[in-house]
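Before any comments, here is the structure.
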Number of protein chains: 2
Amino acid sequence: MRPSSDVAELAAGVRAGQLRAVARTLTLVEDEHAALPELMAGLTRSVPDSLVVGITGAPGVGKSTLTSALVSPLRARGSRVAVLAVDPSSPLTGGALLADRIRMQEHALDRGVFIRSMASRGRLGGLARAVPQAVRVLLAAGYEVVLVETVGVGQSEVEVARLADTTLVLLAPGMGDAVQTAKAGLLELADVLVVTKADLPGADVLAGDLRRMVRLGTPDWPPPVVLTSATQHRGAGEVLEAVDAHHGWARGTGGLEVRRLRRAQTEIEAVLVEATRTRLGPQLYAARLERLAAEVLDGSRDPYDAALRLSRPALGS
Amino acid sequence: MRPSSDVAELAAGVRAGQLRAVARTLTLVEDEHAALPELMAGLTRSVPDSLVVGITGAPGVGKSTLTSALVSPLRARGSRVAVLAVDPSSPLTGGALLADRIRMQEHALDRGVFIRSMASRGRLGGLARAVPQAVRVLLAAGYEVVLVETVGVGQSEVEVARLADTTLVLLAPGMGDAVQTAKAGLLELADVLVVTKADLPGADVLAGDLRRMVRLGTPDWPPPVVLTSATQHRGAGEVLEAVDAHHGWARGTGGLEVRRLRRAQTEIEAVLVEATRTRLGPQLYAARLERLAAEVLDGSRDPYDAALRLSRPALGS
């Protein structure tokens, strides 16, 4: 994959929507492959009519089930849909995701649906780099709708949900009340609040409490509260209507543009280290970093000064 | 806090080990305050005789209990001890940490013990920046031992555990078996394996399985397996012996130096964005980032190229 012609070919494959090219590129994103800067340069594309939906909530709240239920109505109106399931991939808690993915097999034969679990191997902050880049790849490949599913257990996962055009926060009866939700700042994060497992006792009380809390906050966009039940096969259509309503509102007020600019800003900052490494070349970069780390360790230089020296153009090294 | 004299005073306070100065500085680290680069420049200090211990494991495995139990023997041998409890601080799961901290009140009146929960507010990758800097602050303040407790639920939390001189991985009977642990790569992460809740059934089987798995791997340092029981008040001393043994081994083989260099490298890379912002000044930085994000959004520039332009010295802007 090293020669530039291979990279150009791979980027062309992504732009043509070839599944293998998309899958391979996402693996390179996960691995933070050295060819990414060149590859991403071939995947710049403005996709104003896209829709990126973040779906977050505590483990067990029903994220995968709702994600899967959203795919069918989206397909029915002609959108190509990509699902990016962000796997916090802790060595300590991994394992549940495979089972989740199996539930989505109903869409396995549909060429207009792309499903991918995504972990961040490697270095710190990897998820922050990987997710915006993965969304870029999927949009470039012609998926108009990208559903990004993240487990709301770690800071980075929640932040990732914030990068969407529209963010769904899922809650289930018996997994925390409305006051906790408000205290945790979740009402501010949510564009749509979804009470899952609405067939369980307490769902209506939770929904009512959430609606009251929302009204108290008097936000510009009071997040609608939608009840869903997977066992009763209801609610997915209403969730989609709420997503569309938010998307239309955000487009009209300019809020959508603001979010997308924020996503691009995050992406730029997230790749600063990689861009610096590419500019210097991996060997010079590694040699510099090693020397500077030794200086930080022996107390002769502080980390900020070291970072600035690391990012100097090669001549001044 | 803006004038340089205040920053210098705060840094001097930290170096003198003043509790208020340390606490205030850690808040600035959490907030990613603009004065950090200047502040950190006053906190460079080589502390070769320090010991940074990472303590990680699934929620409920007993991390806080063991951390608290380690403090007393460390104090008994004269070390000043800082505990940094990294709070993944998801809005979706927060809340359990306060109760954990209360358990540590037995050390509340000991001036040689500093206890702090640390969340990363703000932006993506925040934990990666905050933890190494917090460790730097605590070492500069004269705490020879820093215990960094992280919940092993998110990628970043586990990575944080890797930054320690010695990493403890905690497991409890009934919370996953040895094979899962090995598969998840935890044996490679652990320098000491601790089976907590050893009074519960299955502890000996788990410990035996772990020992067999360790032997199969034939690593340079086969992590010892130590059993602890908080209810029976046993095991903390043995854990500390194992930590000391690993620390001595790592010091002798040069592995300790390698880890500390890696920690410094991570820290340098983690502050690259902040260092760049400081060099350009916040206004020029923000204006540049905004313009570049718009170009990335309209497809006229790729994120890597944008990142390089962001980091150019001011004249070439």
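What number comes out for accessible area per residue over the stretch A:256-317 if the probe is 1.4 Å? Units Å², please.
Per residue, the stretch A:256-317 has 42 Å² of solvent-accessible surface.
Just the number, please: buried accessible area between B and A, total of both chains, 1.4 angstrom probe, nearest 100 square angstrom.
Working: alone 15930 and 15940 Å², together 25570 Å².
By this definition, chains B and A bury close to 6300 Å².
What distance in nm separates the simple spin-label points at A:Asp199 and A:Leu19, each placed 7 Å from Cα in the Cβ direction?
With each label point 7 Å from Cα toward Cβ, the separation is 3.2 nm.
Need one value for A:258-265: mean number of C-beta atoms belonging to other chains within 10 Å of its residues' C-beta atoms.
5
With an 8 Å cut-off on Cα pairs and a minimum separation of 6 or more residues, tell me the relative contact order of the stretch A:179-303 in percent. Please report the intermediate quantities before stating the final value.
Details: 84 pairs, mean separation 24.0, N = 125.
Averaging sequence separation for qualifying contacts and normalising by length gives 19 percent for the stretch A:179-303.
Would you list which aspartates and glutamates come within 20 Å of B:Lys197, measuring only between C-alpha atoms, while excluding same-chain residues fewer than 8 positions from it?
Reachable aspartates and glutamates: B:Asp100, B:Glu149, B:Asp177, B:Asp209, B:Glu238, B:Glu241.
Would you mind computing, in nm to one decimal, how far apart the modelled labels at B:Glu188 and A:Ser72 are, each placed 7 Å from Cα along Cα→Cβ?
4.2
Please give the average number of partner chain Cβ atoms lying within 10 Å of the Cβ of each residue in B:65-78, rounded to a whole number.
Average neighbour count from other chains, rounded to a whole number: 0.
Ignoring ligands, DNA and RNA, please state the percent of accessible area on the stretch A:156-306 from carbon and sulfur, probe 1.4 Å.
54
Find out how many positive minus negative residues lie around A:Gln18, taking Lys and Arg as positive, Asp and Glu as negative, among other residues whose Cβ is under 15 Å from that of A:Gln18.
After counting each charged neighbour, the total is +4.
For peptide B:294-301, compute the average count of partner chain beta-carbon atoms within 10 Å of each residue's beta-carbon.
Mean partner-chain Cβ count within 10 Å for B:294-301: 6.
List the residues, sorted by chain then number, that are 5 or more residues from A:Ala58 or on another chain and whose placed amide H is less than 5 Å from its amide H.
The list, which skips near neighbours in sequence, is A:Gly152.
Under a crude label model (7 Å from the Cα following the beta-carbon direction), how far is A:Arg251 from A:Thr231 in nanometres?
Reported label-point gap for A:Arg251 and A:Thr231 is 3.8 nm.
Show the residues, 5+ positions off or on another chain, whose built amide H is closer than 5 Å to the amide H of B:Ala82.
Those lying under 5 Å, H to H, from B:Ala82 are B:Phe114, B:Val145, B:Val146, B:Leu147.
Please work out the ratio of the alpha-carbon Rg of the stretch A:199-317 to 2.2 N^0.38 Å and round it to two decimals. Mind showing how you got there, number by number?
On the way: Rg = 25.1 Å, N = 119, 2.2 N^0.38 = 13.5 Å.
This ratio for the stretch A:199-317 stands at 1.85.
The values are calculated or read from the model by the stated rules, or taken from the named source; none is laboratory data. Computed from a prediction, not measured in an experiment: that's the story for all the values here. Note that each Cβ is placed from the backbone with ideal geometry, even for glycine, and that neighbours are counted across all protein chains shown. Each accessible area value is taken on the protein alone, full model and side chains, heavy atoms only, with ligands, DNA and RNA left out. Shrake-Rupley method; radii C 1.70, N 1.55, O 1.52, S 1.80 Å.
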